[in-house]
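Colleague: I'd like to ask you about the structure that follows.
The values are calculated or read from the model by the stated rules, or taken from the named source; none is laboratory data. Note that the structure is a prediction, hence the values are computed from the model and not measured. Don't worry about glycine lacking a Cβ; one is built from the backbone with ideal geometry, like all the others, and counts go over all protein chains shown. The accessibility values were calculated without ligands, DNA or RNA, using every heavy atom of the protein model including side chains. Shrake-Rupley method; radii C 1.70, N 1.55, O 1.52, S 1.80 Å.
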Amino acid sequence: MNCPYQEKCGGCLWRHLSLEAYKEEKVTQVKKILSGLNCSDYQMQEPFFLGDGQRRRASLAFKYKKGALELGFNQKQSNEIVDLQSCLLLTSKINANLENIRRLISELCAVKIPQRKKNKIIGYQNLSAGDVWITEADNGLDVVLAFDAELTLDYRMIISEQGNAASDIIRISHRRKADAKSETILEKVKPYIDIAGYHVLIPAGTFLQAGKASETAMINLVKKYIGADEGKIADLFCGVGTFSYPLSVNKNNQITAIDSSAELLEGFKQSVNANMIPNIKIITKNLFKYPLDEKELAEFDIVVFDPPRAGALAQVQKIVAAAKQPHKIVSVSCNPHSFVRDANILMEGGYHLQEITLIDQFSYSNHSELVALFTK
């Protein structure tokens, strides 16, 4: 489907191709990267492609200059913004509310911020730039505003008024920097998503799989690869618990979910407690600096890991060095290059790569996800 912004926008590098040509190109690129694997006897399964209108989260940039607001994605290889009214990738609910979000940001940027020196006002300045994260939860939109300014009373009143006027927006938060903790300004109800029949509360601006359908595809693959096996399972880089919840449905499983974000895991714990799930234990730990050691790994029959783009180098090195190793590993990767590196280490350590499935949830981009099964 043609997009009016595709000549400039950096979000869809391959939208000029037909859908079939794009799918073929994506598979070809991934297979080229996978040629670096030190084996060729694995099975490559039918890929999953997330179509247009299914991306449930987006990060948009904004600039305000001379009373005019630009809101959108960056241009290709540029910091300039493509000012968009809608995006073919995004869900209909996000697109329907871009005008509400544009109105909110415009009002915030129009506020004159007094500049002080020695307690005297020496001038005024407008908010000029920032970002907005939009996530579609199952019960509405979660919006996080990111701009480096203190929230004055004027800002808070605008956020409250505009947020209450937009029925689809259920929470608005603010943070001064991308990695800072968010402060919730307006919360009508707590945003949640459904995973395996559980209501899972999500922190403001948290990471989710890009689409509901692609998330379901990944969950189904993890369950398929684990199969009838059960026991003690480590869910590493667990996030909001995308894989812990469905694996916990089997009461013979004992899930240990580990991630480094205390804020994210606090929401995970609240959801586990609210759903009264007895077989998920949650641990805060930086697995890049402190991967599970030999003693800790000896407790687990199965390991599932879904690391950031850097991969799980330190952890796979610990796994292959352990005297007692998990008999099955399910790897979920958002970077085929780091996947190849980690997979080769696992295979050198005695694991067999059985199957790989491509998950394409960032349509028309050069990003790809993989789910793979390793067995002893």
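Colleague: Against the conditions (1) within 23 Å of LYS212 (Cβ to Cβ); (2) in contact with a strand residue (DSSP E or B) (Cβ under 8 Å, 6 or more places away or on another chain), where does SER365 fall short? Just the number, please.
Modeller: Every condition holds for SER365 apart from (2).
Colleague: Read through the list (1) of a type in the set (A, V, I, L, M, F, W, C); (2) in contact with a Cys (Cβ under 8 Å, 6 or more places away or on another chain); (3) open to solvent by 80 Å² or more (accessible area, probe 1.4 Å), then give the number of the only condition that ALA257 fails.
Modeller: (3)
Colleague: Another question about this same structure. Name the pairs: first residue in the stretch 35-63 and free of Cβ contacts under 8 Å to residues at least 40 places away in the same chain, second residue part of a loop (DSSP other than H, G, I, E, B) and open to solvent by less than 60 Å² (accessible area, probe 1.4 Å), Cβ to Cβ under 9 Å, at least 6 apart or on different chains?
Modeller: GLY53/LEU88; GLY53/LEU89; GLY53/THR91
Colleague: Scan the stretch 328-376 residue by residue and report those that are within 20 Å of LYS232 (Cβ to Cβ) and either in contact (Cβ under 8 Å) with a residue 60 or more places away in the chain or among the β-branched types (Val, Ile, Thr) (or both).
Modeller: LYS328, ILE329, VAL330, VAL332, LEU373, THR375
Colleague: Taking SER363 as meeting all but one of (1) more than 20 Å from ALA217 (Cα to Cα); (2) at pLDDT below 95; (3) not aliphatic (A, V, I, L, M), write down the number of the exception.
Modeller: Here SER363 clears every test but (1).
Colleague: Of all residues in the stretch 65-111, count the ones that are more than 20 Å from the chain's Cα centre (by Cα) and among the polar types (S, T, N, Q).
Modeller: 9
Colleague: Does any residue of the stretch 16-31 turn out to be part of a strand (DSSP E or B) and in contact (Cβ under 8 Å) with a residue 24 or more places away in the chain?
Modeller: no
Colleague: Of all residues in the stretch 50-69 being of a type outside the set (A, V, I, L, M, F, W, C) and outside any strand (DSSP E or B), which is surrounded by the fewest Cβ atoms within 10 Å (Cβ to Cβ)?
Modeller: Only one residue fits best here, namely LYS66.
Colleague: What's the total number of residues in the stretch 227-246 that are open to solvent by less than 10 Å² (accessible area, probe 1.4 Å) and not in a loop (DSSP other than H, G, I, E, B)?
Modeller: 6
Colleague: Considering only residues of the stretch 70-85 that are outside any loop (DSSP other than H, G, I, E, B) and at pLDDT 90 or above, which is nearest to GLN125 (Cα to Cα)?
Modeller: Going through the qualifying residues, I end up with GLU70.
Colleague: Moving on to the next point. Among the residues of the stretch 157-176, how many are hydroxyl-bearing (Ser, Thr, Tyr) and either in contact with a His (Cβ under 9 Å, 6 or more places away or on another chain) or farther than 14 Å from ALA204 by Cβ (or both)?
Modeller: Of the residues in that region, 2 qualify.
Let's see how each residue does on (1) within 16 Å of GLN209 (Cα to Cα); (2) modelled with pLDDT of 95 or more:
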{"position": "GLY231", "(1), (2)": "no, yes"}
{"position": "ALA234", "(1), (2)": "no, yes"}
{"position": "PHE237", "(1), (2)": "yes, yes"}
{"position": "VAL240", "(1), (2)": "yes, no"}
{"position": "PHE243", "(1), (2)": "yes, yes"}
{"position": "SER248", "(1), (2)": "no, yes"}
{"position": "ASN253", "(1), (2)": "no, yes"}
{"position": "ILE258", "(1), (2)": "no, yes"}
{"position": "LEU265", "(1), (2)": "no, no"}
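Colleague: Which of the residues belonging to the stretch 260-276 are open to solvent by 20 Å² or more (accessible area, probe 1.4 Å) and of a type in the set (Phe, Trp, Tyr)?
Modeller: none
Colleague: Still on this model: Could you list, in sequence order, the residues of the stretch 97-133 that are under 23 Å from PRO203 (Cβ atoms) and of a type in the set (S, T, N, Q)?
Modeller: ASN97, ASN100
Colleague: Another one. Restricting the first residue to the stretch 168-188 and requiring it to be touching a residue at least 60 places away in the same chain (Cβ under 8 Å), which pairs with a second residue that is assigned to a strand (DSSP E or B) and basic (Lys, Arg) meet a Cβ separation below 6 Å and a spacing of at least six or different chains?
Modeller: From residues that are touching a residue at least 60 places away in the same chain (Cβ under 8 Å), there are no pairs.
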